[in-house]
Structure formats: structure tokens, C-alpha cells
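The values are calculated or read from the model by the stated rules, or taken from the named source; none is laboratory data. The structure displayed is predicted, hence computed values, not measured ones. Positions of Cβ are backbone-derived with ideal geometry, glycine not excepted, and every protein chain shown enters the neighbour counts.
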Amino acid sequence: MWDFRVPIIAVFTKYDQFKRNIRMELEDEGRNRDVDLNAEVENKFKQRYLAGLNASRPFIRLESEDRVLTDEHILY
């Protein structure tokens, strides 16, 4: 019998939206000035998503590109 092993990589999309949601949660709780946003986002991500994965499982987080809209990009 042949044993084929396929590597599995967890892909988390919309990570930028996840960061916005955490920022809004902190604002709602009144803790947005007392907490390091990046540290809090990383901590929540580990608790909510990585805790369910095997410790050695590779993963990637995808975000949209930050774009600044100028008048030339706006359709009227």
C-alpha cells in the first residue's frame, strides 16, 4: 500500500478585519489606551484560532493591502 502524506497549511483570511474587530472590542471596553493593540491582537489570535491547531502546524495570515484613495481613484 502506498502512503501519501499531504502537507496541510492553515490559511486565515481577512486578518486586517480581525485586527479592526479587536480594536473595536478594546474601545467598547474602554481599554484601548491601556493596551498594546498588536500584543492584544496576537494574544486573541492565539487563543481563538491557533489553540485548536497542532503546535507544529504551519499557518499564514492574509490581509488586504492598505490603499490610500486620492481624488483620481474616486469615480463620480
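If Ile9 meets every condition in (1) surrounded by 13 or more Cβ atoms within 10 Å (Cβ to Cβ); (2) out of contact with any helix residue (DSSP H, G or I) (no Cβ under 8 Å at 6 or more places or on another chain); (3) aliphatic (A, V, I, L, M) apart from one, which number is that one?
(1)
Where residues in the range 29-52 are among the hydrophobic types (A, V, I, L, M, F, W, C) and farther than 25 Å from Glu65 by Cβ, which of them is nearest to the chain's Cα centre (by Cα)?
The qualifying residue nearest to the chain's Cα centre (by Cα) is Ala51.
Output the residue which, of all residues in the range 12-28 that are of a type in the set (Phe, Trp, Tyr) and part of a helix (DSSP H, G or I), is nearest to Ser64 (Cα to Cα).
Tyr15
Kindly provide the set of residues from the range 29-41 that are in a helix (DSSP H, G or I) and either in contact with a strand residue (DSSP E or B) (Cβ under 6 Å, 6 or more places away or on another chain) or exposed (fewer than 14 other Cβ atoms within 10 Å of the Cβ) (or both), ordered by number.
Glu29, Leu37, Asn38, Ala39
For the range 53-65, check the following and say yes or no: at least one residue is loosely packed, with under 13 Cβ neighbours inside 10 Å, within 11 Å of the chain's Cα centre (by Cα), closer than 13 Å to Val11 by Cα and not β-branched (Val, Ile, Thr).
yes
Looking at Ala51, Ala55, can you tell me which residue is part of a loop (DSSP other than H, G, I, E, B) and modelled with pLDDT under 90?
Ala55
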